[in-house]
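Q: Here's a structure for you.
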Amino acid sequence: MLGTRVVKAMILAAGRGERMRPLTDHTPKPLLSVAGKPLIVHHLEALQTAGFTELVINIGHLGAQLPAALGDGRDWGMTIHYSLEPPEALETGGGIFHALPLLGSEPFLAVNGDVWTDYPFARLSLIPAGLAHVVLVNNPPHHAAGDFFLAADGTVAECGEPKLTFSGISVLWPELFAGCGAGRFPLGPLLRQAMTAGQVSGEYYGGGWRDIGTPERLAELDDDLRAMQRQTLTS
C-alpha cells in the first residue's frame, strides 16, 4: 500500500435484479428495505463513517428512483454523481468503465449495491500498489466453491485452495480497464487477467457480509438485523 488516500467511491446499482422479482418489478434492488432503510443507505452511512465525500452511483433499471430517493448526497455529507446507463445494464465491468469520466484518474473504492456488510470501508483508504485490491469473505452456502485464492503474501490468484468469495468490495485503478471499449462486460475477467500478472492484492474479512440475491435472503437479513437492533436496545 502507498500513502495516498482513496477519496472517491462507486456503488454499482444498475442491475435489473431478475432473481429478486417480483420485488424489483417496481423498485430497483438497492432501494429494497432491510431493517427500516434501503440497502443502499446502509452503504451510504458506512461510507460517510469512513470519510468518503465523493460518490458515483450507476443507474439503469428504474434508475430515476435512486436520485429521487437519495438526492445529491448532502444528507450524508457527500456529493453523489449519477452515471446513467442504457436500458440494458452494462454489467459490473461495463458499468464501471462507463463511469470512469466521473471517477477520475485515481484509484477508487467500488462496492456492489446488492450486498450488505459491516465491513469498515476506512480500511480501504490507502491506494493498492497493484491494479486492484479485493476483499474476500467466507463462501456462502449458495456459492460454496468460492472465487479466488488469497496467498500468505497478500496476493490473489484464480488458482489455489482454499478459495474464498469475492465480496463485491474492491479498490480499483482506472488502468485496470485499459484497452476496454464501451458496452456490456463483467469485471471478473479483468481481475483474473490482472491476477495472472501479479497485480491484484487482497484481504480476508470474517465479519458480517450477505449477498442479497433472492427475496428469501433479503427477508433473512431483515430478520437478523432487526434482532440485532432489539438486542442492542435491551442490552
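Q: Apply the a/c threshold of 1.5 to the C-alpha gyration tensor of the chain and tell me whether it is rounded, prolate or oblate.
A: rounded
Q: Based solely on its DSSP helices, what 222 nm [θ] is calculated for the chain when runs of n ≥ 4 H residues each add -39,500 (n - 2.57) and the sum is averaged over all residues, nearest 500 deg cm²/dmol?
A: -8000 deg cm²/dmol
Q: Using alpha-carbon pairs under 8 Å, 6+ residues apart, how would you state the relative contact order of the stretch 1-41 in percent?
A: Reported relative contact order: 24 percent.
Q: Roughly how many debye, to the nearest 20, is the charge dipole of the stretch 31-146 about its Cα centre, given +1 on each Lys and Arg Cβ, -1 on each Asp and Glu Cβ, and no other charges? Spell out each step's value before the answer.
A: Details: 3 positive and 10 negative charges, 43 e Å.
Computed about the Cα centre, the dipole is about 200 debye.
Q: For the stretch 141-235, what % of the accessible area comes from carbon and sulfur atoms, probe 1.4 Å?
A: 57 percent
Q: For the stretch 9-52 and the stretch 113-143, what is the separation of their C-alpha centers, rounded to whole Å?
A: 16 Å
Q: For the stretch 142-188, just list the percent of Cα-Cα distances falling in each 10 Å bin from zero outward, please.
A: Taking every Cα pair in the stretch 142-188, the percentages come to 20, 43, 31, 6.
Q: Explain nothing, just the number: relative contact order of the chain, from Cα pairs under 8 Å at least 6 residues apart, as a whole percent.
A: 25 percent
Q: Could I ask something else about it? Averaged per residue, what accessible surface does the chain expose to a 1.4 Å probe, in Å²? Before the final figure, lay out each step's value.
A: Numbers: 10840 Å² over 235 residues.
Accessible area per residue: 46 Å².
Q: To the nearest 20 Debye, how big is the dipole of the chain about its Cα centre, given +1 on the beta carbon of each Lys and Arg and -1 on that of each Asp and Glu?
A: Roughly 180 debye, rounded to the nearest 20.
Q: Further question on the same structure: What helices does the chain have that are whole DSSP H segments, at least 18 Å long along their own axis by Cα, and with mean Kyte-Doolittle hydropathy of -0.5 or more? Please list the in-between numbers first.
A: Details: long enough: 215-234 (29 Å, -1.01).
Result, helices passing both filters: zero.
Q: Further question: How large are Rg and Dmax for the stretch 55-122 when only the alpha carbon atoms are used, in Å?
A: Just the Cα atoms of the stretch 55-122 yield Rg and Dmax of 12.4, 34 Å.
Q: If you don't mind, there's one more thing I want to ask. Do you know the relative contact order of the stretch 139-235, to the nearest whole percent, from alpha carbon pairs under 8 angstrom that are 6+ apart?
A: Relative contact order for the stretch 139-235 comes out at 24 percent.
Q: Which value does Rg/Rh take for the stretch 144-235 over its C-alpha atoms, Rh per Kirkwood?
A: Values: Rg = 17.4 Å, Rh = 16.0 Å.
Across the stretch 144-235, the Cα-based Rg/Rh ratio is 1.09.
Q: Please enumerate, by chain and number, the lysines with C-alpha under 24 Å from the C-alpha of LYS37, excluding those fewer than 8 residues away in the same chain.
A: Answer for LYS37, where 24 Å is the Cα cut-off: LYS8, LYS29, listed by chain and number.
The values are calculated or read from the model by the stated rules, or taken from the named source; none is laboratory data. Computed from a predicted model, the values in this text were never measured in an experiment. Don't worry about glycine lacking a Cβ; one is built from the backbone with ideal geometry, like all the others, and counts go over all protein chains shown. Surface areas here come from the heavy atoms of the whole protein model, side chains and all, with no ligands, DNA or RNA. Shrake-Rupley method; radii C 1.70, N 1.55, O 1.52, S 1.80 Å.
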